[in-house]
Amino acid sequence: MNPSNTPRFRLGTRRSPLAMAQAEEARARLAAAHGIDAAHIEIVPVTASGDRIQDRALADIGGKALWTKELDAWLTAGEIDFAVHSAKDVETIRPPEIAIGAVLPREDVRDVLVGAATIAALPRNAVVGTSAPRRAAQLLHARPDCQVITFRGNVATRLAKLAAGEADATFLALAGLNRLGETGTGHPLDAEDWLPAPGQAAILIECRADDTRTQGFLAAIDDAPSREAVLAERALLAALGGNCHSPIAVLTQRVGDTLAMRAALYSPDGAERVEGEARFAADDREAPAKLASDLLTRAVPAIAVHFTGPAA
């Protein structure tokens, strides 16, 4: 390919170390797929509101939009061509002018416990730092004696808080540690017992819905199995009508040409739990909605109050 004729693209990302690592991965995959120099893809970082505000839980200050609103504005204004996100940080309902251009091959979906080998091995009345309602509810369901305190910040910040003695343990995503080269940190939890967050470990790339040039460029690195699993989990979320206060965990595994999905909803204090599962064709978006309906039908009020059901 003649370098002078090679199209150039602007990739938007948050400035956090993990976000930058994900942007570099996306750029490297695109360069390899198209046989171009990575320099033809400019990384354009932005400091997201969620990165600036670290002293409060995400759910209390605006939810997932704090990770996306700056990049959304740049994208719709044409200042960048596409944006790279952690799939779990992207709101379920997105502006109609924004489309998913690609989902990269999903990393390991497991959570890592730092500070103890297992949940059972945590000391009695352990103080555990996390800002994720899912992790807090799952922990309190298994260990109601534990105390949860808010831990925000990137991987290094949370590990520093733990080292300073602010908590006995904390949780991190194994995928993030792997992408940062922090292998060997903590103890991975079995995903069958400790269900992950919807979209966990997947990198989602968004572009403008009317930008066929960029859509074609991104299609070269779209991983169909990862896209199918992530879209199924997002369909489940949409039908549940949850928000950042709504503790939900889901594990989606591919079985031949089908997806096997297990999902659990919790009350925030972990006292109540309802679980369900479904197996369906990989492109079936109705099945996750049916699973959501089943979960909400069986949920006790302490759980159901945190979910609104499908949007009208």
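The values are calculated or read from the model by the stated rules, or taken from the named source; none is laboratory data. What you are looking at is a predicted structure, and each value in this text was computed from that prediction instead of being measured. For neighbour counting, all protein chains shown are included, and Cβ atoms are generated from backbone atoms with ideal geometry for every residue, glycine included.
At a glance:
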| quantity | calculated |
| --- | --- |
| Set G165, G199, G216, G181: member being at pLDDT below 95 and either within 30 Å of A32 (Cα to Cα) or not β-branched (V, I, T) (or both) | G181 |
| Residue identified as surrounded by fewer than 17 Cβ atoms within 10 Å (Cβ to Cβ) and touching a Ser or Thr at 6+ places or on another chain (Cβ under 8 Å) among V300, V305 | V300 |
| The stretch 224-262, subset in contact with a Pro (Cβ under 7 Å, 6 or more places away or on another chain) and surrounded by fewer than 17 Cβ atoms within 10 Å (Cβ to Cβ), residue farthest from T150 (Cα to Cα) | R254 |
| Of the criteria (1) over 24 Å from L195 (Cβ atoms); (2) within 24 Å of the chain's Cα centre (by Cα); (3) of a type outside the set (K, R), which one A164 fails | (2) |
| Residue check for E91: touching a Lys or Arg at 6+ places or on another chain (Cβ under 6 Å) and modelled with pLDDT under 95 | yes |
| Residue tally, condition assigned to a loop (DSSP other than H, G, I, E, B), over 18 Å from A142 (Cα atoms) and out of contact with any strand residue (DSSP E or B) (no Cβ under 9 Å at 6 or more places or on another chain), over the stretch 258-294 | 2 |
| Which listed residue, of I80, I119, I100, is at pLDDT 95 or above, over 23 Å from A21 (Cβ atoms) and surrounded by 16 or more Cβ atoms within 10 Å (Cβ to Cβ) | I119 |
